[in-house]
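Below is one structure, written out as structure tokens; comments come after it.
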Amino acid sequence: MQMQAVMGYRQAQLIGSLVSKLMGGKHKAPTLQDAYPGVFPEEVLQRKQQDWRVMKERIAAHGDQYKRKRGERRDAGGTTDTDHGRNWPTT
């Protein structure tokens, strides 16, 4: 019961500080480590920066998979076949 009271009180403090910040207060919002010291280790909270080349390869692979799934093809000029092999009447 005491733990719930402490957590409720701390949560109310955090909500108050965030609302104050939204209303133009000069206090900055506390970080997760400041809000709950000792609960979250440092290495969990730090984001690792990925190499841009790895991200580029993943995006390209996803795009290729998406295009294969939709049945799009590339013609000899490198443009996407937008009619998906249908023969549309020309005017």
Going through the range 46-81 in order, the residues found to be surrounded by 10 or more Cβ atoms within 10 Å (Cβ to Cβ) and at pLDDT below 60 are Arg73, Arg74, Thr80, Asp81
Search the range 1-30 for residues being part of a loop (DSSP other than H, G, I, E, B) and touching a residue at least 12 places away in the same chain (Cβ under 8 Å), and hand back the single one that is surrounded by the most Cβ atoms within 10 Å (Cβ to Cβ). Pro30
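The values are calculated or read from the model by the stated rules, or taken from the named source; none is laboratory data. Because the structure is predicted, anything quoted here is derived from the model rather than measured. Every residue, glycine among them, receives a Cβ derived from its backbone with ideal geometry; neighbour counts consider all protein chains shown.
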